[in-house]
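Data block below; observations after.
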Amino acid sequence: MRPRKMYIDVDGVLVVWDSQHNCVELARGLGRLLRFCKIHDIKPYWLSMWALFPGSLDGVNCLLWPKSCPTMAIPEPLPYERAKGKTSVVDFDSDFVWIEDGLGPEELKTLEDHGARDRFFWTNGVDVDCLLKFMEFTRQRLQLPEITDWGPNWDSSFARPRNPETGDNGISNRIKP
């Protein structure tokens, strides 16, 4: 099986713009997308100009609680040479998907030359649901089953979901079935 990889831009993807292109909020579903990656063994990468500056993405990754929330995959920054473009670091031998709000003609040609144009998901930069749509795109492109149980593994330190119907507040220890 080929390794599965996901390339994620930041500006216009994770950080969403308003109609005047001011960064205004984070896209919905980043945690869900990174949980999706963990469940399906997909390695995520930040493929963004932000990756060119050491430490610039540390704050984003810190928000994902890598030590106390091991149920989500943590993207690695993927530096590239600006002159060569982002496609210079894409692993075309992997089973990959890529979400981006801007792609130059040279990068598009490189994708087409590798027969990988259908692995690219374009978002317009103002869609706050782009990550949720990209997750479904990824499931279809990588031919992955739908996830019916998003819950954490029993052995994770992640707090389990609450069930108010049974009086379970999610804090007390639970005996494994």
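Each value in this text was obtained by applying a stated rule to the coordinates, not by laboratory testing. Every value quoted in this text rests on a predicted model; they were computed, and no experiment measured them. All Cβ positions, even for glycine, are placed from backbone atoms using ideal geometry, and neighbour counts span all protein chains on display.
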Extension reserve of the ARG32-TRP122 stretch, reckoned as 0.36 nm per residue once the Cα distance is removed: 30.5 nm
FRET efficiency for MET49 and GLN140, using Cβ-Cβ distance with R0 set to 35 Å, rounded to 0.05: 0.80
Extension gain, HIS114 back to ARG82 (0.36 nm per residue minus Cα-Cα distance, nm): 9.5 nm
Links that overshoot a 23 Å alpha carbon limit, given the list LYS84/LYS133; LYS5/LYS109; LYS5/LYS86: LYS84/LYS133
Two-site FRET efficiency, HIS21 against GLU106, from Cβ-Cβ distance with R₀ of 30 Å, rounded to 0.05: 0.85
Rough spin-label spacing in nm, given labels placed 7 Å along Cα→Cβ, for ARG2 and ASP93: 1.1
